[in-house]
Structure formats: structure tokens, C-alpha cells
Amino acid sequence: SQLWIMDAGGGADSAKQITNGQADGRAGIAALPDGRIGYLGRAGDSLSIWMVNADGSDIRQVTSEPGQLEELNVSRDGQYFYFSSYADGKPRLLRCKVDNCDAGPAIDDSTFDIDSSVSPDGNWIVFNSSVFNENGLQRTLRLVPANGGGHIQLTDQYSVAPHFSPDGGYISFVGRDDAIKVVTSPDGRAVRTFRPQQLPLLNMGARWTPDGKALAYIAKQRSVGNIWLQPFDGSPPRQLTDFSSGEIYNFAYTADGQRIILARGHPTRDALLMKIEP
């Protein structure tokens, strides 16, 4: 997986590869307002935060500890990274300044389970919450003030991979059977349910387009990954990107909405074990 950048219109002829790593951006991409790109990349056996300019220059590793990160977001003002890691075998949501990443806890909730989103005004954090009860593992969404305070139970059904809308008024998430759902924030009122294009890849959820008029997600057809758009008004989904080969693992819009950053690559298959005779 390497980072690519392309026009927001989706034409594959505008796509340009800007990194050469083996796992760049697959677990997380965060577009900063100043044009820089934060992403999770591999350093040895660990996934750390890295930074690169939009033209591929000045690649540098930002963090070395903790050593295994799971997601990456950035506040709209570009001041803070939010990312997940494990402490004592439990997932934790951490926060640090972009240019001086001394990480500390972002929330204090023992039910936190990888995947979160920060509201555009920076006041709220929505996250996956996992609780064991008499019915087994219950996965829902909780909403907490970014500056501390008690949680709001946003959903009471299976819900994962949340994303705030650009105006902060809605939250998208993935429900059972790959349904893309939308609720209001902060009261959790259900407003939309969409059925995505066949073979969706929704582990990263459905992200909002910069204008808030559609939800963007990855779908795979004939072994090729592309981004599809689901208009919020309920119109049929349509294909945005037109790649004819390769897979897309993750993506994010740049802060100005003019381009899309992709984690894109080709899977490695048919590995062989070879014995070399002396």
C-alpha cells in the first residue's frame, strides 16, 4: 500500500503516487489544513505516524512510541492528531500535537474499541463502544465531549466506523449487513439508511464528501477497488473513481476538498517456498 493523490473528480489519469512504503496509509490517513499529509506507515514491525508533503517531498517519521497504531485522525484546525493504540492489551484513544507528538489520553472510557471521529468544531468525539452483556458483545456508538465529561449513548444497535459530517450535524456509521446509516448529532435520531454497491469494503466506514451532499466508500468489482458515492438525498449510488487495476484500502479528502488521498496498491499472492541447494 502506497499513498497516491488525485483530483476530487475521480479521474484515474490525475492520480500520482507520492510514497513507496509497504503499508502506507492503509490503517489511517489524515489531511492537514496546510497541505501536509499524516498517515500510518510501517517502521520495522510497528505502525507509526508519518508525515509527507502533497508532492511526496519531506517524508519523515513522527512517532516511534507507542509502537502499534490502529487509526489516525486530525482536528480540523490541524493542531492535534488522534490515534488508537493498545495499553495493557486494551485499546486507547490518544491525542498529541501535530508538531510535538507527546501522546496523552483523549478520552477516559473503558468501552472504547478502535475507530473514532472528531467533530469539525473539535468539541465532540464519537467512537466505537464494545460492552459484554448477557447477549454477548454489544457494539454501539458513544459520544463524549472532547474536553472531558460523561458519555452520550448515541446508538443502541450494532454500529461501527463513525464519521462526522462537515457541518457536524450528522454522523454516518456502518450497521449490520453493511448498511450505511446516518443519525443526527448529538441526539442520535435516525435519518437515513442506504444499501451500498455490491462488494463494499466498509471497514473504514463511509466518509462524507467535503460539501456534505454524499457519502463516499470503497467497493470492489472484478478485483479492482474504486470509490463510490451515495448521494444523501437518496439518489442511486454512482462510481467516482475509474481505476482499472489495483485496490484501494483507505482514502481521505484534502482539507480544501479539491483532491483525494488514497492508500492504494496491489495484493501479493502465490508466495512460494524455494530451497537453494549448496
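The values are calculated or read from the model by the stated rules, or taken from the named source; none is laboratory data. Note that this is a predicted model, so its numbers are computed, not measured. Neighbour counts are summed over all protein chains in view; Cβ atoms, including those assigned to glycine, are modelled from backbone coordinates with ideal geometry. Quick note on the areas: whole protein, heavy atoms, side chains included, nothing else; ligands and nucleic acids left out. Shrake-Rupley method; radii C 1.70, N 1.55, O 1.52, S 1.80 Å.
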Are any residues in segment 30-54 assigned to a strand (DSSP E or B) and open to solvent by 10 Å² or more (accessible area, probe 1.4 Å), and if so, which ones?
ALA31, ARG42, ALA43, SER46, LEU47, TRP50
Among the residues of segment 66-80, is any free of Cβ contacts under 8 Å to residues at least 12 places away in the same chain, touching a strand residue (DSSP E or B) at 6+ places or on another chain (Cβ under 8 Å) and more than 22 Å from PRO33 (Cβ to Cβ)?
no
Quick one: which residue in PRO210, PRO236, PRO231 is out of contact with any Leu (no Cβ under 9 Å at 6 or more places or on another chain) and over 25 Å from GLY28 (Cβ atoms)?
PRO236
In segment 53-74, residues that are among the small types (Gly, Ala, Ser) and modelled with pLDDT of 95 or more total 3
Hits in segment 160-219 (condition: under 23 Å from ALA255 (Cβ atoms) and acidic (Asp, Glu))
ASP167, ASP211
Out of (1) open to solvent by 10 Å² or more (accessible area, probe 1.4 Å); (2) of a type outside the set (A, V, I, L, M, F, W, C); (3) touching a residue at least 12 places away in the same chain (Cβ under 8 Å), the odd one out for PRO162 is which?
(1)
For residues that are exposed (fewer than 14 other Cβ atoms within 10 Å of the Cβ), touching a Pro at 6+ places or on another chain (Cβ under 8 Å) and over 21 Å from PHE164 (Cα atoms), tally how many sit in segment 55-109.
1
Is it the case that segment 136-159 has a residue that's buried (at least 16 other Cβ atoms within 10 Å of the Cβ), touching a residue at least 12 places away in the same chain (Cβ under 8 Å), under 19 Å from the mean Cα position of the chain (by Cα) and closer than 17 Å to PRO231 by Cα?
no
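What strands (runs of 3 or more DSSP E) lie completely within segment 189-262 and have 2 or more residues being surrounded by fewer than 14 Cβ atoms within 10 Å (Cβ to Cβ) and touching a strand residue (DSSP E or B) at 6+ places or on another chain (Cβ under 6 Å)?
190-194
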Within segment 120-131, track down each residue that is under 17 Å from THR155 (Cβ atoms) and either open to solvent by 40 Å² or more (accessible area, probe 1.4 Å) or in contact (Cβ under 8 Å) with a residue 60 or more places away in the chain (or both).
TRP124, VAL131
